[in-house]
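Structure first, commentary second.
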Amino acid sequence: MEQVAPELDNRVVPDTDGTGKSAAHLASRAIWIAISFTAIALVAGLIAFTGRLTPLSGGYSVGTIAGVMTGVAAGTSAIIGLVIATESRRGSLRWMRRRFWGWWLIDFIGLFILHGAIATMASLSIFRLFQQAFQGLIVDAIAATAMLCLVTAATSYFGFSSASRASSSSISTLLALFMAAGVLASMLLAENPYWWHQFFSELGTRQAGVLSFWTFNTTITVSGIVLTTLANFISQDLTAWASHRQRQGKRRALVQVLRIGMIVMGICLIGLSWITIHISDPIHTGFVQILAVTFGIMLLSVPIWLPGAPAAMYVISYLMLGFGVFAVALWDPLGYYNLTALELAFAGIIFAWLVVLIRTLDAMISDVHEAKTQVTPPNDPTSAATEGAFFDHEQTQDR
């Protein structure tokens, strides 16, 4: 176990000496990052497009070059934003580096891939859409380079701004967006239009096509990595709230139950994407079953590991559990739909519950923080220090 020094909640970072990373300072950094990557895109565009007419989408196209360039720009910008936000003294996410180095390395890799993949998929989709809207359009080097610079600037700004202000809520939104986009893309890229006649995991086999195989498995693998990162962010937020409850003499939330459960689910996602059903049906199915059982246990035990939450949180958890049982019954024994529909239903249930959980936790922490700030006089010079002490992360976790 590694002793973690008391921390402030990542939304409460008093800047008493002028060295803190204020919102304006971060916005300025994001602009400089965007300008820097735009300059790189300018050089890359002149090299890639000079002396040729290039289509917007296709094999060698503006969209293809932009997909690579924006992925690198957004991912690298995200890492730069995380490095700044995790600075040991004033960074708003400095708790990330005060853990076992392996955990923050996984978080960095997950957020790098997440931002890069979202930027790449967005660029490819946009240029594909415009190519369909302007059939047969080809552009010269000047126009192609200008387009490349524009999308690179936007995605690098997005990557830095998103990562430097990363939170449970923002990561969950990005994860849901990434999973939905990745799965939809794999469906559209499937060479076998009847893949859904079998099961959802058919997309992860070469039976549905090479492109859908790589898209689907990459999406699930990255989602599993990011889910472990999300577990760290949620547990960090929850620990601040749990410590406050304990200081009030109330039963403390069992943070590790939620964190371990989400990490197990993330590992299962990675496992079932690496070992497809055609490689080993028993192992692939085993990962799916472990994921389902873990999620079910988490739903059943919500009142135990999350005491003091609104009653609606408990109700929605049991409703989700009921929906899961009903979804299984529709598949077997009722035979209403096939295994593909069942897997889609479970994916929807899991991520819908995670979104509700994160929003609820965020509201709970915000309510407690607001109540404390109303008690402390706003002109009191010690108010900033008091707020910090209020959200100290008094914890001992092996992260």
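Size estimate for region 72-211 follows the Kirkwood approach: the inverse of mean 1/r over distinct Cα pairs works out to 17.3 Å. Can you give the translational diffusion coefficient of region 222-342 in µm²/s, computed by Stokes-Einstein from the Kirkwood radius over Cα pairs at 20 °C and 1.002 mPa s? Answer from the Stokes-Einstein relation: 133 µm²/s.
What the Cβ-Cβ distance of I31 and A352 gives, at R0 = 35 Å and to the nearest 0.05, is a FRET efficiency of 0.45. Anisotropy class assigned to region 284-332 is oblate, per the alpha carbon gyration tensor with a/c at or over the 1.5 cut-off and a/b no larger than b/c. Between R128 and Y336, the simple spin-label model (points 7 angstrom out along Cα→Cβ) gives 3.2 nm.
Orientation-averaged projection of region 264-303 equals 2.5 nm² [convex hull of Cα atoms, one quarter of hull surface area]. Measuring r between the beta carbons of S280 and E343 and using R0 = 22 Å, the FRET efficiency lands at 0.80. Approximating the spin labels as points 7 Å out from Cα along Cα→Cβ, the Y318-to-V68 distance works out to 5.6 nm. Here region 35-138 has an Rg and Dmax of 17.6, 55 Å, counting Cα atoms alone. Taking 0.36 nm per residue of sequence separation and removing the Cα-Cα distance, the A24/A176 pair yields an extension gain of 51.9 nm. Modelled label positions at V325 and L211, each set 7 Å beyond Cα in the direction of Cβ, lie 4.4 nm from each other.
In this calculation the C-beta distance from Q289 to I40 is compared with R0 = 35 Å, giving a FRET efficiency of 0.15. The string of couplings for region 96-113 from the Karplus curve (6.51, -1.76, 1.60, θ = phi - 60°) is 5, 8, 9, 10, 4, 4, x, 5, 6, 5, 4, 4, 4, 5, x, 6, 4, 5 Hz, one whole number per residue in order, with x for Gly and Pro.
Each value in this text was obtained by applying a stated rule to the coordinates, not by laboratory testing. Treat the numbers as computed from the prediction; the structure is a model and nothing was measured. We place every Cβ from the backbone using ideal geometry, glycine too, and count neighbours over all the protein chains shown.
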